[in-house]
Structure formats: structure tokens, C-alpha cells
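In what follows, a structure is listed as C-alpha cells, so that the remarks can point back to it.
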Amino acid sequence: MAAREPVIIVGAGPAGLTVALSLRLQGVPVIVLESEPGLPRDLRAGSFHPPTVEMLGPLGVAEDFLALGIKVPRWQIRERRELVVEWDLGLIADATPYPFRLHVEQYKLTPLLQRRLLSLGGADLRFGHTFLDAAQDADGITARIETPGGIERLRGRYLVGADGGRSAVRHTMGVDFEGFTWPERFLVASTAYDLAPHGFTPNAYVSDPLEWAAIFKMPHEGPPGLWRILVPSDSEMADEALLEPDYVEARLQRFVPRAETYEVAYKSTYKVHQRVASEFRIGRMLLVGDAAHVNNPLGAFGLNGALHAAVNLAEKLGPVWRGEAEESLLDRYVRQRRQANIEFVQAQSIRNKELLQERDPTVRARRLNELRRTAADPALAREFLLRSSMIASVRRAAEIA
Ligand SMILES: Cc1cc2nc3c(=O)[nH]c(=O)nc-3n(C[C@H](O)[C@H](O)[C@H](O)COP(=O)(O)OP(=O)(O)OC[C@H]3O[C@@H](n4cnc5c(N)ncnc54)[C@H](O)[C@@H]3O)c2cc1C
């Protein structure tokens, strides 16, 4: 009987639903627990790299997903108003069927994953169910869950913590979240004002010691879409002050001055961390996605890395659950994805932020000149694009035994 016990997945975010869907496609029964009453619809990430779209193919959602997005084959690094380099993913068209970044709001992916998961049958998705803690023994896991009807106990063979940065599963595992938190908050504002006539590609990063920025054009409710502008903000200011219309307007005017007032459709602030869990696996409990690692959004590695890890984990957990592979295969997931995260996602996202915010004009000029040289050399440009598109990190992880 124990062999048929399901995998319990905590969190119906992109990582949890991807693990669930991939396991269901392998015939593994799953229970997904989500504390919210429905799929969360907050703004968050929205720039998808080529390997991520490739991974959605076997899950049966790539076509629908592609139809929802804006394809971004070219993106820029700028210094204030000036263009430094414009990258063209066409240079790596031989390395991926999707040589572009795909911009789609994160909250549009999760309903696709949910619909596909439920269409397969055998998946039990429970909203309003909050994981509290769990105990494990030789055969499985017993989790304590807060449900609308009171506390329940649930039995499973393995438990996957896909419950985000504040992961209760990680706390239950007694695992440290090693790293640091950046002092400043990030302010994000979305506007319909078109930045294309100002020379911006739908994805751009602007280097400036005080006013650095990241730009993402998002589909929103269809054309013309919204331009999402992310800037750093004073760590001393309270959230309410950062979100004051006058303050947001002043920041946008400093970014691209114009005679009219900006119409702001959405605005939010958030704190940004660089942290990796010291362990991704304790026996039958595993961590994936933000529960295992978090990083700043410069380079769009957070959600993409979460999905790469989710697919990798499910590929190993499926055979282990069916008894076709030793449990030690799960440690390969840990080696591959922990290393990929530390070596690439953490290192590169920190470097990206340092490049944008560099205050020393000599150092900034040197770094931007290096980028110009890289872009001018086809071999170096190709290497840069394979790396920034996360193709190199996925290939590197696959090599780890
Ligand atoms: C405010 C914000 C802005 C972001 N912006 C960007 C960005 O611009 N670019 C980028 O690349 N990344 C960004 N990210 C990161 C990106 O959104 C995450 O990497 C991505 O959501 C990770 O997916 P996940 O499934 O691991 O976690 P999540 O999306 O956090 O999903 C976790 C799920 O678990 C549920 N849950 C939590 N605790 C429990 C519990 N105890 N029991 C049951 N369910 C539980 C939550 O309700 C949630 O649905 C942002 C993150 C935040 C928080």
C-alpha cells in the first residue's frame, strides 16, 4: 500500500504546479496543498528564457503559453539615455527553437499548468490548505495541515516544499537560508506610456549610479500592453511613502521626462534577497523553487531557475517513486540544481546588479566597454547570450553526476 502513497507538494505556485504536472505525466499520484483560496494573481516575474519554454513543451503547455506572450528577440543594456549594447538572440538560433525572451505575466502560467494537471486526473489540488509541519519515518511522511475544517494529518511517500521564500517546509527541515538581503527596496511601476519611441527594446537594463532601472514590456490585457519599470528606492523610506503618487511620478519623470503625467496601472515595492538553502533534501522532504533559492530580478533568473529545478526534480522523483531508481538519485537533483543556482543564478544576478549600480565612473566605463567588446566579437557575443539565456547553466547542470 505504501508504494501507492502520493507525493505531497506544498505550494501551487509555478514550481509546485510544474513538479505536480511532471509527476502526474509519469503516473505518480500527487496532492498539492495551497494556503490561498485560489491561484495567487500577484504581479511578480514575467520574462521567460528559451530553456524554460523548451521545458514547457513536454508538459503540454508551451503552445498556449507562447500564444499569451510578447516575443523579445532583442534586448539592451543602456547607460542613462544612451545605448551601450543591443543583444540579438538570433545569434543563438541554432541552440534553441525559441531564440527570444518571452514576456508573460507569471499569473498567466499557473492557470495553464493547473488546467493541464487537472485534465490528467489523479491530482488532488486543495486550496485553503496550509502546511504546518511534518514528521518522517522509514516509509513516508505525515504532514499536519490546517484546513477550513480544522487540523488534519496527511500521509505521503515524499513531500516537496514549493512554498516560496518563507517556506514552512524549509523551517520544518531545520535548514538554513544562507545569504543576504539588499538594503534598498525595489519599486515597480507599470505604465501604458510607450517607451519604444524613446529607443527602448521591450526588455532593457539601464546602468546609472542612482537611477539604474530594468524595463519589461508586458502583454497585460493585450495590445498595447504595459511597460514595467523597476527602480531602486531609498531603504530609509516607508513603503507607503514610496507608493505615494507624487513620489512614483517623480521617479518616472527622472527616468524619462515628459510634459504629461504618467498613468500608473500598477505599483509595488519589494525587498530583494540572495539566499540559498544549505540543504535541498532531508530524507523524504525536498525543496524546490523560491523555497530553495531566491535572488534579485536583474537577468530574470528567479522564476526561470525555479522552473528548471522543478522539472529536474520531477525527472528524478518519478523513477524513485516507482521503485525504478535508488533514492540517491534525488541527491543528484540537489547537486545539479544547488550548484547551478550558486554558480550561475546567484553569481550572475549579483554581477548584473553591480554593473547597473556601479558608482565609480572609471569602473563603470571599464565594465560597459567590456560589454561593447563582447558584443562586437561574434564568438564572445554568442557565449554571453548562451549564458544570459540560461542555456549554459542548464547544460552545465546536466553534466553534474
Ligand atoms: C514581490 C515579488 C516580485 C518578484 N518579481 C520578480 C521579477 O520581476 N523577476 C523574476 O525573475 N522573479 C521575480 N520574483 C520571483 C518569482 O516570482 C519567484 O521566483 C517565483 O514565484 C517562484 O515560484 P515558486 O513556485 O517557487 O514560489 P511562489 O510563486 O512564491 O509560490 C509558492 C506558493 O506556496 C504557497 N504557500 C506558501 N506557504 C504555504 C504553506 N505553508 N502551505 C501551503 N501553501 C503555501 C503560496 O501561497 C504560493 O502560492 C518576484 C517575487 C516576489 C515575491
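A short reminder: the numbers here are calculations on the coordinates, not readings from a lab. Predicted model only: the values in this text are computed from it and were never measured. All Cβ positions, even for glycine, are placed from backbone atoms using ideal geometry, and neighbour counts span all protein chains on display.
Modelled this way, with points 7 Å down the Cα-to-C-beta line, the labels at ALA379 and ARG351 are 1.8 nm from one another. At full extension, ILE342 and GLU240 could sit 33.3 nm farther apart than now, given 0.36 nm per residue minus the alpha carbon distance. Annotation: the residues ILE229, ILE215, sorted from fewest to most other C-beta atoms within 10 Å of their own C-beta, follow the order ILE215, ILE229. Let me check I've understood the local charge: for GLY90, count other residues with C-beta under 13 angstrom from its C-beta, Lys and Arg +1, Asp and Glu -1. What total comes out? Summing Lys/Arg as +1 and Asp/Glu as -1 gives +1. Spin-label model, GLU79 to ALA93: label points 7 Å out along the Cα-to-beta-carbon direction sit 3.2 nm apart.
The Cα center of region 171-213 and the Cα center of region 1-63 differ in position by 26 Å. Positive-end ranking of SER233, VAL53, PRO219 along the dipole of the chain, with charges on Cβ about the Cα centre, is headed by VAL53. Exposure proxy ranking for VAL231, VAL169, based on other Cβ atoms within 10 angstrom of each Cβ and starting from the fewest, stands as VAL231, VAL169. Taking the Cα centre of region 66-214 as reference, the dipole from Cβ charges on Lys and Arg (+1) and Asp and Glu (-1) amounts to some 500 debye. DSSP bridge analysis restricted to the chain gives an antiparallel fraction near 75%, rounded to the nearest 5. Close amide H pairs (under 5 Å, H built 1.01 Å from N) link ALA12 with SER35, residues at least 5 positions away or on another chain. Taking a sphere under 9 Å around the Cβ of VAL72 and counting the other residues whose Cβ falls inside, with K and R at +1 and D and E at -1, yields a net charge of +4. Taking amide H positions as modeled 1.01 Å from N, with prolines and chain starts lacking one, no residue 5 or more places away or on another chain lies under 5 Å from ALA93. Rounded to the nearest Hz, the phi-derived 3J(HN,Hα) couplings of region 82-92 under the Karplus curve 6.51 cos²θ - 1.76 cosθ + 1.60 (θ = phi - 60°) are 8, 6, 9, 9, 10, 8, 10, 5, x, 5, 10, where x marks glycine and proline. Residues TRP321, TRP212, arranged from fewest to most other Cβ atoms within 10 angstrom of their Cβ, appear as TRP212, TRP321. Beyond a 19 Å Cα-Cα separation, which of these cross-linked pairs lie in this structure: LYS271/LYS353; LYS108/LYS217; LYS108/LYS271; LYS267/LYS353? Where the Cα-Cα span goes over 19 Å, the pairs concerned are LYS108/LYS271; LYS267/LYS353. Within region 123-197, the trypsin sites (Lys or Arg not before Pro) that combine a DSSP coil assignment with at most 12 other C-beta atoms in a 10 angstrom radius are ARG166.
Which parts of region 26-44 would a label at LEU118 reach, counting a residue when its backbone N lies under 17 Å from a point 7 Å out along Cα-to-Cβ? 30-41, by backbone N distance to the label point.
Full extension of the chain segment joining LEU68 with GLU152 gains 26.4 nm, where the gain is 0.36 nm per residue of separation less the Cα-Cα distance. For the pair ARG395 and ARG335, a Förster radius of 22 Å applied to the C-beta separation gives a FRET efficiency near 0.90, rounded to the nearest 0.05. Label sites at ASP42 and GLU315, each approximated as a point 7 angstrom past Cα along Cα to Cβ, lie 3.0 nm apart. Listed values for region 295-311 are Karplus-derived 3J(HN,Hα) couplings in whole Hz (6.51 cos²θ - 1.76 cosθ + 1.60, θ = phi - 60°), namely 7, 6, x, 7, x, 6, 9, x, 5, 4, x, 4, 6, 4, 5, 4, 5, and x replaces Gly and Pro. Result for the chain in a Gaussian network model with C-alpha springs under 10 Å: among THR269, THR110, THR52, the largest mean-square fluctuation is at THR269.
The string of couplings for region 198-211 from the Karplus curve (6.51, -1.76, 1.60, θ = phi - 60°) is 8, x, 7, 7, x, 9, 8, 10, 10, 8, 6, x, 10, 10 Hz, one whole number per residue in order, with x for Gly and Pro. All Cα-Cα distances of the chain, cut into 10 Å bins from zero to the largest, leave 5, 22, 32, 25, 12, 4, 0, 0 percent in each bin in turn.
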